[in-house]
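First comes the structure, then the notes that go with it.
The values are calculated or read from the model by the stated rules, or taken from the named source; none is laboratory data. Model, not experiment: these values are computed from the prediction. Positions of Cβ are backbone-derived with ideal geometry, glycine not excepted, and every protein chain shown enters the neighbour counts. Side chains included, ligands, DNA and RNA excluded: accessible areas come from the protein's heavy atoms. Shrake-Rupley method; radii C 1.70, N 1.55, O 1.52, S 1.80 Å.
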Amino acid sequence: MSKELTDAIVGMDEAGAMRLVQAMLDAGADPSDVLEEAKAAMTVLGDKFECEEVFIPELIMGGEIMKGIADELKPRIKGEASGVSRGTVAGDIHDIGKDVVVLMLDVNGYDVHDLGIDVPIEKFVAAIDELEPQVIGLSGLLTLAFDSMKATVEGIAAAGKRDQVRIMIGGSPVDEQVCAYTGADGWGRDAAAALRMAAEWTGGAA
């Protein structure tokens with residue numbers, strides 16, 4: 001039945017996916033196992049997105065289906081998710097990439113705190129104090145965001161918080177050189193890359 005669930009999610013069949021989830025639960029399946037099978041479908045979509053076989057609308061739709069499944073299953077599953085705080089840096093108001101990453105992390109079991117757009121350094125520092133995340137994500141689609149990313153990483157370090165978090169940066173103009181320039185721990189152009197980094201750095205979501 002897991003192949004059917006994967007096919008339903010990848011095929012954007014929301015009603016079919018929810019029926020399969022309910023049938024699996026009715027048959028006595030462990031909710032955690034069902035969630036893992038649903039996550040596998042998002043991995044397939046992420047791979048297709050990287051290969052340009054699907055695009056942002058399909059990724060968002062698949063994420064929405066996954067979110068509905070996760071909402072159904074999470075109350076039945078015990079455990080705490082790893083914390084990730086993410087926002088678009090000061091000076092950049094683009095949010096589509098950030099929103100996709102937030103959605104992908106959320107449906108994969110991470111406790112994500114979306115700080116919004118045009119986020120000042122002080123807000124990231126305050127989030128570390130208040131939320132104690134394992135990972136901070138900095139997003140930007142403008143080249144001017146590089147300096148803001150660098151300043152944010154330096155601001156977190158100046159506040160004495162740099163050793164408490166791993167920092168990822170993302171956005172279409174970001175590359176290895178930008179990562180080195182900003183002082184971040186890792187970079188990625190899409191949600192699939194962000195998900196891989198989060199899993200590596202946190203040991204995977206609960």
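Values computed for the structure shown
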{"quantity": "Reciprocal mean inverse distance between Cα atoms of the chain - Kirkwood radius, Å", "calculated": "17.4 Å"}
{"quantity": "Helix runs (DSSP H) in the chain reaching 20 Å along axis by Cα, Kyte-Doolittle at least -1.0", "calculated": "31-50, 56-73"}
{"quantity": "Probe 1.4 Å - accessible area at L115, Å² to nearest ten", "calculated": "20 Å²"}
{"quantity": "Estimated FRET transfer efficiency (A159, C51; beta-carbon r; R0 35 Å; 0.05)", "calculated": "0.30"}
{"quantity": "Accessible surface ranking that places the most exposed of S172, S148 first, with a 1.4 angstrom probe", "calculated": "S172, S148"}
{"quantity": "Per DSSP, loop trypsin sites (Lys or Arg not before Pro) in the range 109-206 with at most 15 further Cβ within 10 Å", "calculated": "R189"}
{"quantity": "Fully extended contour minus Cα-Cα distance, from Q22 to D147, at 0.36 nm per residue", "calculated": "40.2 nm"}
{"quantity": "Virtual spin-label span in nm between D33 and Q177, 7 Å along Cα→Cβ", "calculated": "5.1 nm"}
{"quantity": "Between the range 159-206 and the range 15-46, the alpha-carbon center distance in angstrom", "calculated": "29 Å"}
{"quantity": "Net dipole in debye of the range 115-167 [+1 Lys, Arg Cβ; -1 Asp, Glu Cβ; about Cα centre; nearest 20]", "calculated": "160 debye"}
{"quantity": "Lys/Arg +1, Asp/Glu -1 at C-beta; the chain dipole; positive extreme among L131, P31, A8", "calculated": "L131"}
{"quantity": "Dipole in debye (nearest 20) - the range 18-80, about Cα centre, beta carbon charges: Lys, Arg +1; Asp, Glu -1", "calculated": "280 debye"}
{"quantity": "Given charges at Cβ of Lys, Arg, Asp, Glu: the range 111-206 dipole, positive-most of A157, V178, A194", "calculated": "V178"}
{"quantity": "Segment H113-E64, extension gain: residue separation times 0.36 nm, minus the distance between their alpha carbons", "calculated": "15.9 nm"}
{"quantity": "Simple Cβ-charge dipole of the chain, Lys/Arg +1 and Asp/Glu -1, about Cα centre, in debye nearest 20", "calculated": "340 debye"}
